[in-house]
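See below for the structure under consideration.
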Amino acid sequence: MSGRASKPGRFSLPARPESVEIDPAQTALIVVDMQNAYASRGGYLDLAGFDLTGIDGVITGIASLLNDIRSAGVPVFFLQNGWDPAYKEAGGPLAANQMKSNALKLMRNEPQYAGKLLAKGGWDYALIDALMPTEDDFIIPKPRYSGFVSSPLDSMLRSRGIRQLFVVGVASNVCVETTIRDAFGLEYQAIMVTDCCLQAGPTYIQEATIFNVETFFGWTTTSDALRERLAQS
């Protein structure tokens, strides 16, 4: 693995509901589910009828932020949602995931998609080409909405002394928010980068997620504010 750049010094990040003191030595970027399933036309979310308007801007924003984050020596963790090709990891017949996952329901209701959605090794499961990880990044498979459930994410963060998380990706109100909620419960400070997240549903859902994060679970900021502070520190 190639060496990372040295981390910048501590800085105050403009955020809501108040500024946050950031220690880059204890910080990571969490990229949530930027896979074809969620971020590409013809992927599961698109096939299920969710509006992907705005995803191109989110992809561009994350790509730009990744450059500055990596240059600052901050580790990047890509979360990748899905299951084995036989869908055993999706849970048994009593699993809430089997009952609520829209991808699983779509495959049951429309047999032409059976075995194609969010299956490891398939196009739908793959991370999008525009945001491919580098050899220094970490890829964390996850079988549920939260990045912390049935995954090594918590252990990998704690063992590296990471306590603060910048969170980007899709969907704001599902896997992004669920990961932030669990991060709160595990005593991480999570900061949602709002312009680098897209909701599944109407635009008011994005507003509701931002309200929840700011009021109960963490903080929000923008990619411009974060990149500016990284450049200055």
* Structure fact -> For C197, the residues 5 or more places away or on another chain with a placed amide H closer than 5 Å to its own amide H are G169
* Structure fact -> For the range 108-220, the Cα convex hull volume per residue in Å³ comes to 135
* So what is the relative contact order for the range 151-233, in percent, with contacts set as C-alpha pairs under 8 Å and at least six apart? -> 29
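Quick one: length gained pulling A95 to D224 fully straight, 0.36 nm per residue minus the C-alpha distance?
Computed gain between A95 and D224 is 42.4 nm.
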* Any idea what diffusion coefficient the range 1-99 gets from Stokes-Einstein, in µm²/s, Kirkwood Rh on alpha carbon pairs, 37 °C, 0.692 mPa s? -> 197
* Sum up the charges of everything whose Cβ sits under 11 Å from the Cβ of I55, counting Lys and Arg as +1 and Asp and Glu as -1, but leave I55 out. => -2
* Structure fact -> Quick calc: nm separation of the 7 Å Cα→Cβ label points for S159 and F184 -> 2.9
* Structure fact -> Whole-Å distance linking the alpha carbon centroid of the range 9-82 with that of the range 170-233 is 9
* Inter-label distance, nm, simple model (7 Å from Cα along the C-beta direction), F211/R41 -> 3.3
* S150 versus W123: modelled label distance in nm, points set 7 Å from Cα along the beta carbon direction -> 2.7
* Asked: What full-extension length gain, to one decimal in nm, is calculated for K88 and N102 as 0.36 nm per residue of separation minus the Cα-Cα distance?
  -> 3.4 nm
* **Residue-span extension gain [N67 to Q112] - 0.36 nm each, minus C-alpha spacing** => 12.3 nm
* Dipole of the chain, positive direction: furthest Cα of L106, P17, I210, with charges on the beta-carbon -> L106
* Which percentage, to the nearest 5, of the DSSP beta bridges contained in the chain is antiparallel? -> 15
* How would you rank 132-139, 174-181, 64-71, 217-224, highest first, on the average number of other Cβ atoms within 10 Å across their residues? -> 174-181, 217-224, 64-71, 132-139
* Structure fact -> For Cα extents along the principal axes in Å the list reads [x] 83, 39, 34; [y] 53, 41, 31; [z] 77, 42, 40; the calculated value is entry [y]
* Treating only the Cβ atoms of Lys and Arg (+1) and Asp and Glu (-1) as charged, compute the dipole magnitude of the chain about its Cα centre; round to the nearest 20 debye. => 520
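What does the net charge come to around A114 if you take all other residues with beta carbon closer than 13 Å to its beta carbon, with K and R at +1 and D and E at -1? Intermediate results must be reported in sequence, preceding the final value.
On the way: positive: K105, R108, K116; negative: E110, D124.
For residues surrounding A114, the net value is +1.
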* To do: Find out how many positive minus negative residues lie around T179, taking Lys and Arg as positive, Asp and Glu as negative, among other residues whose Cβ is under 15 Å from that of T179.
  => -2
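Laboratory data are not the source of any read-out in this text; all were calculated from the coordinates shown. Here the structure is a predicted model, which is why all the values come from computation and not from measurement. Cβ sites come from the backbone with ideal geometry, for glycine too, and all protein chains shown count toward neighbours.
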